[in-house]
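Student: Just dropping this structure here.
FYI, it's all coordinate maths here, none of it is from the lab. As the structure is a computational prediction, the values presented were derived from the model and not from experiment. Neighbour counts run over all protein chains shown; Cβ positions are idealised from the backbone, glycine included.
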Amino acid sequence: MAEPVLAVRDLKVGFPTRRGTLIAVDGVSFDLAAGEVLGVVGESGAGKSLTGAAVIGLIEPPGRILSGEVRLGGQRIDQFGAKGMRAIRGRRIGMVFQDPLTSLNPLYRIGDQIVETIRAHKAMSEHEARERAIALLQEAGIQGARERIGSYPHEFSGGMRQRVVLALALCAEPDLLIADEPTTALDVSIQAQIIALLKRLCHERGTAVMLITHDMGVIAEMADRVAVMYAGRIAEIGPVRDVVQRPRHPYTKGLMGAIPTAGQRSSRLAQIPGSMPRLNATPAGCAFHPRCGDAFDRCRRERPEQMPAGSSEAACWLYAANATAGAAI
Amino acid sequence: MLAVRGECDGGSRDMSGVPLVEARDLTRVFDVSKPWLNRVIEGEERTLLKAVTGVSFSIGRSETLALVGESGSGKSTVARMVVGLLQPTSGSVAIDNIDMWAPVRERERQKLRRRLQMIFQDPFASLNPRWRVKRIVADPIKAFALAKDDAEIEHRVGELLRLVGLDPSDGDKYPHEFSGGQRQRICIARALSSKPEFIVCDEPTSALDVSVQAQILNLMRDLQDQFRLSYLFISHNLAVVRHMAARIGVMYLGRIVELAPADELFENPRHPYTRMLIDALPDLAMTGKPRKPIQGEIPNPISPPPGCAFHPRCPHAFDPCRATLPALVAHDHRSAACHAVEAGRI
């Protein structure tokens, strides 16, 4: 296999507090190949957004990466300072956030923002960059891009703004796009449009995408592989079809059962008792064991690492029997 | 004007004779004009926003009617009018044949208010952060004088907290000590404390994670069975609505465009907008069916398109759609407002 675009190894992110350091991301490892879409899914507080922020070096202080490695195209970037990361952000890693308004400067015309970004990363004349911005906006589905390039962000609707942000994120042709809840603030019909657009643009360019969302539906629509996070760790990672239809980890099973579907109306939704533990009260052993129907002794004592489970990998002792062969990911 | 009368409401009436909740031609107009001086100087006219136009429905006892729609469709405005938080510009809401907005004696309205409650979307904004949970839950009991002394109130609050899956000792805590799902449980306990018959739920689980959402939806269905509650369930999430409701009304730009029993709506949607919403649902079965996301966005409600408000986005639009507003026409026990459906084109 070729060098992955992004390789994260044993990433640990923590927040120092008066009562010790809270570990919010705890030993997360994954690879992302060129052109691949990796969905990172989990409930609030699972650490999915923080994992994305760690990759791109945007963790809010006092939070910081405690240990582990982030490699972009083989090069270690987790130890780059602010200056080094600035050269990478935008050019090699693009970003799309939930609220398009926070990604756009309300005081500048959108055309100027895109032109500025293009010229910051590529040697282009003002005119060339403007033509490229228009082409990009057109590609992102903004009708009359040549006229609308002079508009301000507030003159666009939410869906249109997210298209502009997408164009902005892809204008320097990054190898990797981190999309953090890109469709959460949008209406259903607009959400479908944006997913289709994101899929098309990244597929055409061969951009790898790390798609962070709480919405399993979005993952099923778009991702190739999916990592399910729980309490700062990856509970299960595998091909999207397997994780969605044959989940292995008890948490993933519970999560899938809890999602109401438009198919047959069932009398009850599957229910995971309790709620995700707080950061300062992560249970010993497997963090999920107090809520798990299948928990046994070992789950309470030892923390499971990723082990093969079908075509996926699950951090669950239920799969320990076949874990002896290749525990090294 | 459209008229939703007769058969399409019939489903609920069959069950108990008279529906518990009856909304007739609800309309709400908001004045979003600039201040008077600006209008005079700039020579502008008043700007009116029709948030809801001619919405009619009925809800039977222990029935759930859901209203779905995207933002700006007017579903929350309907909820607020039904529960009495917002006066309709025209139209009426009757609960058990008592008109909520007719000039009645205050006592009678008080009595009516006890019988309906509301659960809001944001459990962080709808609980007073400075009150202990037991005071929050006891508030309606005191307001409607439903208990004779403090001991009875205390007993009742403990009972309610246990009913929604909390511990009676949680009554001594403050709202900030609870997670979002637990807070929504507190909101439900408060809503139940006046022994209502009808609860309006405005996006009750939209702020919650899926696993917590499942807990709350299950709880709401259990409580419905236990107390024969009627729900008006407002949501933008079709899958959630499908799980909760017997009948579903689909709203677009202030109007109900289709009203049908849940199963039939999903198996055989009639209105092109309903079809689009169902088609846009993420496909967890991953059948890989090709999908065609509908183009365009919701128009500005201040200046809606002429004719059918959906026609600029509709793949089936033909001439009448651009000229006249389609009426909500009932067939069997369901209804749709669409020229193309009427003409048998789809």
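Student: Which aspartates and glutamates have a Cα less than 20 Å from the Cα of B:LYS75, not counting those fewer than 8 places away in the same chain?
Tutor: Straight-line reach from B:LYS75, under 20 Å: A:ASP187, B:ASP9, B:GLU22, B:ASP25, B:ASP31, B:GLU63, B:ASP122, B:ASP202, B:GLU203, B:GLU258, B:GLU297.
Student: Chain B: D in µm²/s via Stokes-Einstein (Kirkwood Rh, Cα pairs, 10 °C, 1.306 mPa s)?
Tutor: 74 µm²/s
Student: In chain A, how does Rg compare with the Kirkwood Rh, expressed as the Rg/Rh ratio over alpha carbon atoms?
Tutor: 0.99
Student: Pairing the Cα long axis of helix A:126-139 with the longest principal axis of chain A, what angle in degrees results, from 0 to 90 and rounded to the nearest 10?
Tutor: Rounded to the nearest ten degrees, it is 50.
Student: Pick out the long, greasy-scoring helices in chain B: whole DSSP H runs spanning 27 Å or more along their own axis by Cα, mean Kyte-Doolittle at least 0.0. Could you put the intermediate results ahead of the total?
Tutor: Details: long enough: none.
None clear 27 Å together with a mean of 0.0.
Student: Based on the Cβ-Cβ distance from A:ASP112 to A:ARG241, what FRET efficiency comes out when R0 is 41 Å, to the nearest 0.05?
Tutor: Result of the calculation: an efficiency of 0.40.
Student: Multiply the residue gap between B:ASP172 and B:ASP122 by 0.36 nm, knock off their C-alpha separation, and tell me the result in nm, one decimal place. Don't jump to the answer; show the numbers that get you there.
Tutor: On the way: separation 50, 0.36 × 50 = 18.00 nm, distance 2.17 nm.
Length difference between fully extended and current span is 15.8 nm.
Student: Counting only other chains, and only Cβ atoms inside 10 Å, what mean value do you get across the residues of B:201-214? Each step should come with its number before you reach the end.
Tutor: Details: counts 0, 0, 0, 0, 1, 0, 1, 2, 10, 14, 16, 8, 5, 11.
The mean count of partner-chain Cβ atoms within 10 Å per residue comes to 5.
Student: Can you give the charge dipole size of the protein assembly as shown about its Cα centre, rounded to the nearest 20 debye, using +1 on the beta carbon of Lys and Arg and -1 on the beta carbon of Asp and Glu?
Tutor: My answer is approximately 860 debye.
Student: Mind putting a number on the dipole of region B:224-346 about its Cα centre? Charges go on the C-beta only, +1 for Lys and Arg and -1 for Asp and Glu, and I need it in Debye to the nearest 20.
Tutor: Details: 13 positive and 11 negative charges, 38 e Å.
Computed about the Cα centre, the dipole is about 180 debye.
Student: Along the Cα→Cβ direction, 7 angstrom out, place labels at B:SER90 and B:GLU159. What is the inter-label distance in nm?
Tutor: 4.6 nm
Student: Based on the alpha carbons, how large is the Rg to Rh ratio for region B:213-287 when Rh follows Kirkwood?
Tutor: We get a ratio of 0.99 for region B:213-287.
Student: Using the structure shown, select from A:LYS12/A:LYS199; A:LYS199/A:LYS253; A:LYS12/A:LYS83; B:LYS134/B:LYS173 the pairs with a Cα to Cα distance greater than 18 angstrom.
Tutor: From A:LYS12/A:LYS199; A:LYS199/A:LYS253; A:LYS12/A:LYS83; B:LYS134/B:LYS173, over 18 Å: A:LYS12/A:LYS199; A:LYS199/A:LYS253; A:LYS12/A:LYS83.
Student: Taking the Cα of B:ASP150, stepping 7 Å toward and past its beta carbon, and measuring to each backbone N in region B:173-199: which are under 18 Å?
Tutor: Taking a point 7 Å out along Cα→Cβ of B:ASP150, the residues of region B:173-199 whose backbone N falls under 18 Å are B:173.
Student: Here's a follow-up. With the crude spin-label approximation of a point 7 Å out along Cα→Cβ, what separation in nm comes out for A:SER157 versus A:SER125?
Tutor: About 3.8 nm, to one decimal.
Student: Semi-axes of the equivalent ellipsoid of the protein assembly as shown: what are they in whole Å, largest first, if each equals the square root of 5 times a C-alpha gyration tensor eigenvalue? Mind showing how you got there, number by number?
Tutor: Working: eigenvalues 365, 241, 113 Å².
In descending order the semi-axes read 43, 35, 24 Å.
Student: I've got another one for you. At a Cα cut-off below 19 Å, give the lysines reachable from B:LYS34, other chains included and same-chain residues fewer than 8 away excluded.
Tutor: B:LYS50
Student: Let me have the relative contact order for chain A, percent, based on Cα pairs under 8 Å that are six or more residues apart. Please list the in-between numbers first.
Tutor: Numbers: 612 pairs, mean separation 64.2, N = 329.
Over chain A, the number comes to 20 percent.
Student: Right, next: Nearest 10 degrees is fine. How inclined is helix A:110-121 to the longest principal axis of chain A, computing both from alpha carbons?
Tutor: It works out to around 70 degrees.
Student: Going toward the positive end of the dipole of chain B, with +1 on Lys and Arg Cβ and -1 on Asp and Glu Cβ, which of B:ILE59, B:SER92, B:ILE234 do you reach last?
Tutor: B:SER92
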